[in-house]
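If you scroll down you'll find the structure; I have some questions about it.
The numbers here are math on the coordinates, done by the rules we state, and not lab data. Worth saying up front: this structure is predicted, and the values here are computed from it rather than measured. Cβ: placed from backbone, ideal geometry, glycine included. Neighbour counts: every protein chain shown.
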Amino acid sequence: MKIVIIGAGAAGLMAGAIAALSLKSRQLDGDVIVLEKNRKAGVKILMSGGTRCNITHDCGPDGIMEAFGRGGSFLRQALAILPPDQVVALFHSLGVATQVESTGKVFPASNRALDVRDSLLRYAVEAGVDVRLESVVKTIDRDGDGFVVRTEAGDLAADRVIVTSGGRSYPGCGTIGEGYVWMKSFGHTIVPTRPALVPLVGGTPWMHDISGVTLDHVAASVWNNPEPGKKSDKRPTMTRAGGFLFTHQGFSGPTAMDVSGSLTAARDYSKVRLTLDLVPERSLASIESWFDETRKRDGRRKVVAAITDWIPKRLAEAISSDAGAGECTFAELPRASMTRLCGNLKQLPLPVSGTRGFEKAEVTAGGVSLREVDPRTMQSRMVPNLFIAGEILDLDGWIGGYNFQSAFSTGHVAGLHAAQ
Ligand SMILES: Cc1cc2nc3c(=O)[nH]c(=O)nc-3n(C[C@H](O)[C@H](O)[C@H](O)COP(=O)(O)OP(=O)(O)OC[C@H]3O[C@@H](n4cnc5c(N)ncnc54)[C@H](O)[C@@H]3O)c2cc1C
């Protein structure tokens, strides 16, 4: 049996290792070949997590599924076979100790993505996988029950093909979306792709002036704008809490990037709005009553100095001045300014006009429709012996190791079943 895997990323290397081990364990003859266009395997592993590689998240399968929204349930069977704790156990067995951060992100204890890439590559090669670098796949054609994989260096016959060629994000890494064209040619539906986990473009002049200001614990929310004549929604469509960064062009950091997919899903930014809760641990009512009490108790106190206890000074100055509170003391603070300031502390409107695009998107939303892939095997429901795993699928999760977990689990299942 010859299994050809296209793409030596997290999904492809895992699929290769598991396919080769599965053949070996049943003493079956077979070749497992991974074709990779780059000079190096696992380029995205190397650059991930700021070159530290956040390999998974410290949670159970349900926590992983939640991070993928509506697509999450597709991962149920794959996560039952390779849940997050098994990913950690696997890396331990490969000599990569791990550490869990307070956010739940799991990193190698060495903080070196290189250790993750090297161990995974070694796992595949020692299992017997032939990893061929600088092998650019052009097309895949059906040939009887099998396939011909056409590369720049020549044709390769295969009984089974696993496509793990990734999405369209960071195209400079080689992921330019060729896989979607091959899958379309086999009759698969490609859910329109869009950038996700991507920095946002937008903001106001004062927001740009405070570029570089980071916030450790805020909550970003996406709201649907009401249709003309209709009431506003009472609840946001999505909220993510965590770190945030003001940039020259707009907004970045985990919360901004986590909600980006929800914003790009709207396609028309006028239909949605983004707000930032600068003090998630306080309610609007408690902030307003605190302002009233401080006005009575400590009227000579400067407003900026007081809210600097809650948020960074540059931001405190900027939102105070935006609210017309400038250098005011509590006693001098006009009622309208107080209302605006309290409102902005809880729901600061962040105007968004776009994103930094696929060039800066950590993942691609959209891709091969999940309805056309068997979640128990990762086999195409349209083309027997064709398996699909990793980011090429219509799956995108939050920041936090969820996307590698999905690539590892789906790659594992594809490798296991391609070798049956
Ligand atoms: C900057 C950055 C940081 C990230 N950090 C994290 C993180 O810390 N944690 C996390 O969970 N996720 C992270 N991600 C997301 C994560 O990298 C992806 O979800 C994951 O790599 C997807 O794995 P994959 O194997 O499906 O695809 P990829 O890793 O993209 O692998 C696909 C491979 O296929 C190859 N290929 C494509 N076309 C061809 C062709 N025609 N011929 C031959 N080979 C081809 C590509 O070169 C590539 O090596 C990050 C992404 C980026 C861009």
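Counting other C-beta atoms within 10 Å, which of T364, T214, T294 has the fewest, and how do the rest follow?
T214, T294, T364
Just rank V137, V88, fewest to most, by other beta-carbon atoms within 10 angstrom.
Listed from fewest to most nearby Cβ atoms, that is V88, V137.
Okay, next question. Mind sorting C59, C173 by how few other Cβ atoms lie within 10 Å of their own Cβ, fewest first?
Fewest to most other Cβ atoms nearby, the residues stand as C173, C59.
Counting every Cα pair in the chain, what percent are over 37 Å apart?
32
According to a simple spin-label model (label point 7 Å from Cα along Cα-to-Cβ), what is the distance in nm between A153 and A241?
In this crude label model, A241 to A153 measures out at 5.2 nm.
Work out, step by step, the length gained on full extension between Q420 and V181: first 0.36 nm times the residue separation, then minus their alpha carbon distance; give nm to one decimal.
Roughly 83.4 nm would be gained on extension.
If you don't mind, there's one more thing I want to ask. Select from L370, L75, L284 the residue whose mean-square fluctuation is largest in a Gaussian network model of the chain (Cα-Cα springs shorter than 10 Å).
For the chain, modelled as a Gaussian network with Cα springs under 10 Å, the answer is L284.
On C-alpha positions alone, give me the angle between the axis of helix 402-418 and the longest principal axis of the chain, in degrees, nearest 10.
Helix 402-418 sits roughly 20 degrees off the main axis of the chain.
Express the relative contact order of the chain as a whole percentage, based on alpha carbon pairs under 8 Å and six or more residues apart in sequence.
24
Once you mark the GluC sites (Glu not before Pro) that are in a DSSP loop and have at most 11 other Cβ atoms within 10 Å, what is the longest gap between them in the chain?
1-151
In addition: With a cap of 12 neighbouring Cβ atoms within 10 Å, and only residues DSSP puts in a loop, list the trypsin sites (Lys or Arg not before Pro) found in the range 205-242.
Within the range 205-242, the qualifying trypsin sites (Lys or Arg not before Pro) (loop, at most 12 other Cβ atoms within 10 Å) are K230, K231, K234.
Would you list which lysines come within 23 Å of K271, measuring only between C-alpha atoms, while excluding same-chain residues fewer than 8 positions from it?
List returned: K230, K231, K234, K346.
Which whole-Hz ³J(HN,Hα) couplings does the range 87-96 yield from phi under the Karplus relation 6.51 cos²θ - 1.76 cosθ + 1.60, θ = phi - 60°, glycine and proline marked x?
5, 4, 4, 4, 5, 4, 5, 8, x, 10
Take the alpha carbon gyration tensor of the range 120-161, find the square roots of its eigenvalues, order them as a ≥ b ≥ c, and report rounded if a/c is under 1.5; if not, report prolate when a/b exceeds b/c, else oblate.
The shape class here is oblate.
With point charges of +1 on the Cβ of Lys and Arg and -1 on the Cβ of Asp and Glu, referenced to the Cα centre of the range 251-326, which listed residue (A265, T275, P312) lies farthest in the positive direction of the dipole?
Result: P312, furthest along the dipole toward the positive end.
Around I3, what is the net charge, scoring Lys/Arg as +1 and Asp/Glu as -1 over all other residues with Cβ under 11 Å from its Cβ?
-1
Let me ask something additional. Under a 5 Å amide H to amide H cut-off, with H placed in plane at 1.01 Å, what residues pair with V131 once short-range neighbours are removed?
V34
Still on this structure: If you wrap the range 289-334's Cα atoms in a convex hull and average its projection over all directions, what's the area in nm²?
2.8
Within 15 Å, Cβ to Cβ, of Q420, how many net charges do the neighbouring residues add up to if Lys/Arg are +1 and Asp/Glu are -1?
Around Q420, the charge tally is +1.
If you don't mind, there's one more thing I want to ask. Can you bin every Cα-Cα distance in the range 30-169 into 5 Å intervals starting at zero and give me the percent of pairs per bin, rounded to whole numbers?
With a bin width of 5 Å, the distribution comes to 2, 9, 14, 17, 18, 17, 12, 7, 3, 1, 0.
Now for a separate question. For the range 120-259, what does the alpha-carbon gyration tensor say about shape, rounded, prolate or oblate, given a ≥ b ≥ c as the root eigenvalues, a/c under 1.5 as rounded, and a/b over b/c as prolate?
Prolate shape, in that a/c is at least 1.5 and a/b is the bigger ratio.
Label-point separation (nm) for K231 and S289, each offset 7 Å from Cα along Cα-to-Cβ?
So the label points at K231 and S289 sit 2.6 nm apart.
Around R132, under 11 Å between beta carbons, what's the net of Lys plus Arg minus Asp minus Glu among the other residues?
-2
Evaluate the charge dipole of the chain about its Cα centre and quote only its size in Debye, nearest 20, assuming +1 on the Cβ of each Lys and Arg and -1 on the Cβ of each Asp and Glu.
Here the chain has a charge dipole of around 800 debye.
While we're on this one: What are the residues whose amide H is under 5 Å from the amide H of Q99, where those residues sit 5 or more places off or on another chain and H is modelled from the backbone?
Here F107, A109 satisfy the definition.
Along the positive direction of the dipole of the range 128-224 (beta-carbon charges: Lys, Arg +1; Asp, Glu -1; about the Cα centre), which of P205, F186, G172 reaches farthest?
The residue sitting most towards the positive pole is P205.
Please get the size of the charge dipole for the range 360-406, origin at its Cα centre, with Cβ charges of +1 on Lys and Arg and -1 on Asp and Glu, quoted in debye to the nearest 20.
My answer is approximately 100 debye.
Under 14 Å Cα-Cα from K2, which aspartates and glutamates qualify once same-chain neighbours fewer than 8 residues away are excluded?
D29, D31, D130, D143, D145, D155, D159
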